[in-house]
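Report on one structure; see the data block that follows.
Rule-based calculations on the coordinates, nothing more; no lab input. Since we're looking at a predicted model, the values are computed, not measured.
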Amino acid sequence: MTLHIRLTEAEQEALNGMPSSARVLYMLGLRPYMDYASGVVGVRRRISLQGFRELLEYEPDRGSRLGARYTPTKDEVRNEVERLVRSGLLLRLPKKRRNDPLVFKLPLADCDAKLRLNEEPHMNPIGGTPNA
């Protein structure tokens, strides 16, 4: 499976200067699973703090002097998520119940609705031929 992620300039600017854990969380934990029709992540494929912990887990090579295995705590992961919310990369969508899944809107990412606004209104989206 090949993963292609195209970040907008606004996303790149917001990620600039952030810790690597926040960047990894956004680019590998959230962005690939965004629904391009709505710009929302967490509905079709659920996301969780535990999944983020596993993504950010680090295990050095055997014999490495870098130290032991590192797994961030849930509080550390929550802090990274809040950092992304404060930067404007994520917008937390409200939960109806406590056990509802995590759902975020990615307001700076390009989604199909934004891309359609930039199309020429007289062009047919299939084949690119003018409508009659």
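Computed quantities for the displayed model
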{"quantity": "Under-5 Å amide H pairs with L102, H placed in peptide plane, nonlocal only", "calculated": "I47"}
{"quantity": "Rg over Rh [alpha-carbon atoms, Kirkwood Rh] for region 1-78", "calculated": "1.02"}
